[in-house]
Each structure stands twice: as C-alpha cells, then as structure tokens.
Amino acid sequence: MRAQPLPRSVAPIFTVCLLAGVAGLASCTKSEPSGPTTCCDQPKVPPGVPGFTVVRDESTGPTDGQDVKLHVALKQKTKRDEIYPSLQFLYRYAMTRRTFEPTTFLGAFYTTEGEAQTGGNPVAKIWREHGDKGPKCEVNIKLEFKEEVDKAFMWSLNRAEPENLEDTCHLNEKKKIVRVDDKFTHKPTMKIDEANKAVEVTFPYLETGKDEYVASLGFNTAMTYWAEFTTTMFGKAPELKKVTYIGVVNDQPVMKITTTREQFDAKLSTVQETIASYSAITFAKLGLHKTDDKGARKDQEEHKTKTYKAALSFLPKEQVMISPKLK
C-alpha cells in the first residue's frame, strides 16, 4: 500500500539515530512539532457577521493577475438571510489583502471544515469572473419553516421584495417602502404551528385605503381573497401542510376555511385558473356583441359563485364555516 503524504499542517518528525557503544545499542532523538498550524491567513471577521475559518487558500498566476479560490467553513449554524454579510466580507477581504486584486475570485462556504477541505457542493458562494464589474452570489441554504411561511405571508399581502437579479449578493441597501396601511389598527395576522407545519391566518376585510371594515361583503369577494391567499401560501412555502383562513368583519369571523396541502393539490389548486378561463370566454362574447357589460358581469359573478361553492363542497363540513351574511 502506498504511504499517504502528510498534510501541510503537520510538521514532519525528524529522527536522528546515533549508534553508541560496542554493544550495538542505539539512542534516538526526535524533533517534535510545536503543535498544529493553521493552513492560511485568517481574516478578523467583525462582530455581527457569521464567523468562518479559511480552510483552503488557492492562488495561481502572477502577483498582478492571480486566480484566487478561498474555501471556508462556517463556525456556527447560519440562516439563509444571515449569510450575505459573510459573503460580502470575504469578498472585500480577498480584493484588498494584497497589492493587486485577483483577476478571478471564488469564495465557497461549507458547513464543516471537512467539507471545505474535500470540496463538493457549497452552501453558498461568491465569485467574480475576469471582466465582471462586481461579484455574483448563490445561496443554497434551506429556509427554516418559520422563515418560509413568513416570506409566503408577505407575498400574500403583496409586501414581498422580489429578488433583484442584478444584485444577487445584496450589496445595495434596501429602501424602506412606506405603505398606507403601516399604521392601521386592523392588520392581517398569522399564527405559526411549527410542530404540525401549519398556519392560521386572520384577514380583516377593510375599505380600500382605510382602517375601517367594509360596509358590506359579498360571498365572491370574500372567497377571492381566500383563494388567492391559500394559493400563494402553499405555492411559496413548500413545507406548509395546512392553512386555516379566517375572514373577519367588525371583529367577527364571517368565514373560516381549513385546507390541507393534499386537499388543495387534489381539488382546489385550479380554482383561480377556472375562473380566469371563464372570464376570457365572457370577454370574447362581449367583443362579439353577444352580451353587454351588465350581462357579462352577471355571468362572471354567477360562474364564480358556482366554482367557489363546488370547491368548498370537496372539503369536510367541519373544515368550512361561511356566515349567512355573505351573499
């Protein structure tokens, strides 16, 4: 079997043997290592930034045109949104530690030093190719359930911030968007049941742009919010197993619908598509003068009611409460 070479971090042990005496006795002295040495220079990570250890520092090429690869291991469990300051810091460190910036750069993050040593699929990476003006990033850290449903909830309220494909490393400071309903007393809320991968959403039906309940609420309007909310929650949160939606008017529930993912996938996921498809047919009739605006609206509302009631009929009765006030 071929002998394995020693890693660079381990100093070789030199043995010097001295033959002594006629009796053929041997005495040996050994030069012991002073202790393990770190492979590479370690940047001082500032407070508030998830720490890491540089495990491999690979630089090739002339000093004024090097290709640099840094393989680092995170020192702690790091959430998806928390990794970006670490990516940014490593990039700045690599760009400024020597006289000349690297021609190309790759910084790869792993969860353990062993993975960083052997390579493989990093949990996050930041890189810059030759000629690029700035870095690009890729993060493969899975969202935790709470993070997942929180983001889905924001999408459901049209408050989510879409990913900026021009700023994958989150270098640009996000501008705070002031919204009309930021100071409203009545706001949608969500309770998270992490153990059962479920959420309960309470949604107040308010007048547009006002912090007051609607004077009247129709069945179709209430159900449209439910369908859109449920579709977005299941679509944006892959681990979510159950959604309970509670619609509220004057601080009183007017509807409560509980849906499991299995029920949604089997019978309810196409509700919005069915309604949209029929709206296109109605619009075509209007264009051909086969109906007028009033007739088209009536036809659409009747079809919506029929579609929503059919969807609810698929659910067990104990999972559906619709107030008789909703007409």
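The values are calculated or read from the model by the stated rules, or taken from the named source; none is laboratory data. Owing to the predicted nature of the structure, the values given are computational and were not obtained by experimental measurement. Backbone-built Cβ (ideal geometry, glycine too); neighbour counts: all protein chains shown. SASA here: full protein model, heavy atoms, side chains in, ligands and nucleic acids out. Shrake-Rupley method; radii C 1.70, N 1.55, O 1.52, S 1.80 Å.
Compute the Cα gyration tensor for the stretch 149-275, then decide on rounded, prolate or oblate, letting a ≥ b ≥ c be the square roots of its eigenvalues: rounded whenever a/c is under 1.5, prolate when a/b is larger than b/c in the other cases, and oblate in all that remain. Write out the running numbers ahead of the final one.
Numbers: a/c = 1.76, a/b = 1.14, b/c = 1.54.
Verdict is oblate for the stretch 149-275.
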Practice task
Positive end of the charge dipole of the stretch 185-327 (Lys, Arg +1 and Asp, Glu -1 on Cβ, about the Cα centre): tell me which of Pro238, Thr260, Val248 has its Cα farthest that way.
Solution key: Thr260
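Just order 54-60, 130-136 by mean Cβ neighbour count inside 10 Å, highest at the front, would you?
On the way: 54-60: 15.6, 130-136: 11.7.
So the peptides 54-60, 130-136, ranked by packing, come out 54-60, 130-136.
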Exercise for the section: Starting from the residue with the highest accessible area, list Trp155, Trp127 in decreasing order, probe 1.4 Å. Expected result: Trp155, Trp127
Practice task
Compute the signed sum of charges (Lys and Arg +1, Asp and Glu -1) over the other residues within less than 9 Å, Cβ to Cβ, of Lys236.
Solution key: 0
Fill in the blank from the handout: Too long for a 29 Å Cα-Cα cut-off, among Lys146/Lys309; Lys69/Lys133; Lys79/Lys241, are Lys146/Lys309
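Just add up the charged neighbours of Val320: K/R +1, D/E -1, any other residue whose Cβ is under 12 Å from the Cβ of Val320.
Numbers: positive: Lys256, Lys309, Lys317; negative: Glu318.
Surrounding charge for Val320 is +2.
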